[in-house]
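Colleague: Below is the structure I would like to discuss, written out as structure tokens.
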Amino acid sequence: MHISIMIFLLYILDLVCGDEMKWIDYSSNSEYDWDILQSSKPYTYEIGQDIVKFKIGAELEETCGGQYASAIKFSKVGADCEILGHHQIDYVTSFTIEGVPAIGIYYEGGSLCRDSLWGDMKRRIEFKLVCSDLESDFYILNSLKECTTVFEKFTPVGCPQEIQYSLVVKLIFLFFYGILGIILIWLCVEACQEDSGNSVSPSGNWGVRKLYDYGKTKVIAISGKNTYTSV
């Protein structure tokens, strides 16, 4: 139970204090950090009659229809364009490719697209980061006609790492974990009070060590094997 509570608290802290360029996989107790993929210049790829530009964790300087986005498809012919996704609307998932660890980073909220299976939906772009000691370029895996544009890259970023919590997160965790511990003790005292009645007098050679006062209920820690409660 304590482990479940700790994981829950760490998950909440990750949501509150989390870094957009990091992701914690609690199922494997590991984290991923793709901050090194950020670049001042956009990643640019010519694909057929289109040019795809995207930035990791930031917006492009260019716009599509007056809107900023993290990934945009521009037509080489004319001024047509489509938004493929925004870094502010994202989610991450982990998986394996033939036993090799990898993560998928999705930027969503793009232009409206017609999917043969799901009907009308908004475009999105997925970045598959596959664990590798060597760094490759991004390369596209599917057609731009599909509503989800997929780019893949072999990189050390796709390798799971041991979770590293900042000092601020650790202090916040200890604070809330301490409060939770006090609440659990209080609930236990209330339950013990109902079971034992008003008071219990211990026999033998006992010595009072500490007195904890929780409102109406007082808990006296006795030197010995048990605790003495009184109202």
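Colleague: Within segment 122-160, how many residues turn out to be within 18 Å of K22 (Cβ to Cβ) and among the polar types (S, T, N, Q)?
Modeller: Counting residues in segment 122-160 that are within 18 Å of K22 (Cβ to Cβ) and among the polar types (S, T, N, Q) gives 1.
Colleague: Further question on the same structure: Taking the stated definitions as given, is D120 more than 30 Å from I24 (Cα to Cα) and modelled with pLDDT of 90 or more?
Modeller: Yes; evaluated as a whole, the condition is true for this residue.
Colleague: Determine, yes or no, whether S143 is surrounded by fewer than 16 Cβ atoms within 10 Å (Cβ to Cβ), in the same structural domain as I72 (by TED's automatic domain parsing) and either in a strand (DSSP E or B) or at negative phi (or both).
Modeller: Taking the combined requirement at face value, the residue satisfies it.
Colleague: With respect to S94, is the statement that it is within 20 Å of Y32 (Cα to Cα) and among the polar types (S, T, N, Q) true?
Modeller: Here the answer is yes, as S94 does meet what is asked.
Colleague: Sort out which residues of segment 30-60 are part of a loop (DSSP other than H, G, I, E, B) and either touching a Cys at 6+ places or on another chain (Cβ under 6 Å) or in contact (Cβ under 8 Å) with a residue 12 or more places away in the chain (or both), and write them in order of number.
Modeller: Listed by number, the residues that qualify are W34, Q38, S39, P42, G48, Q49, K55, I56, G57, A58, E59, L60.
Colleague: Another question, if that's okay. Applying the selection to segment 123-174, what residues are at pLDDT 95 or above, small (G, A, S) and over 30 Å from C64 (Cα atoms)?
Modeller: S132, G158, listed by residue number.
Colleague: From the residues in segment 75-109 that are of a type in the set (G, A, S) and assigned to a strand (DSSP E or B), which one is surrounded by the fewest Cβ atoms within 10 Å (Cβ to Cβ)?
Modeller: S75
Colleague: Being at pLDDT 95 or above and touching a helix residue (DSSP H, G or I) at 6+ places or on another chain (Cβ under 7 Å) narrows it down to one residue among I51, I56; which is it?
Modeller: When all the criteria are applied, what remains is I56.
Colleague: Sticking with this one: Suppose we keep only residues that are in a strand (DSSP E or B) and not small (G, A, S) within segment 110-122. Which one would you say is surrounded by the most Cβ atoms within 10 Å (Cβ to Cβ)?
Modeller: C113
Colleague: Taking the residues in segment 123-140 that are crowded, with 17+ Cβ neighbours inside 10 Å and among the charged types (D, E, K, R) as candidates, determine which candidate is nearest to E31 (Cα to Cα).
Modeller: K128
Colleague: A further question follows. I'd like to verify a number: residues in segment 28-60 that are among the small types (G, A, S) and either within 21 Å of the chain's Cα centre (by Cα) or under 18 Å from G104 (Cβ atoms) (or both), how many?
Modeller: Of the residues in that region, 4 qualify.
The values are calculated or read from the model by the stated rules, or taken from the named source; none is laboratory data. This structure is a prediction, so every number in the text was calculated from the model and none was measured. Note that we place each Cβ from the backbone using ideal geometry, even for glycine, and neighbour counts take in every protein chain shown.
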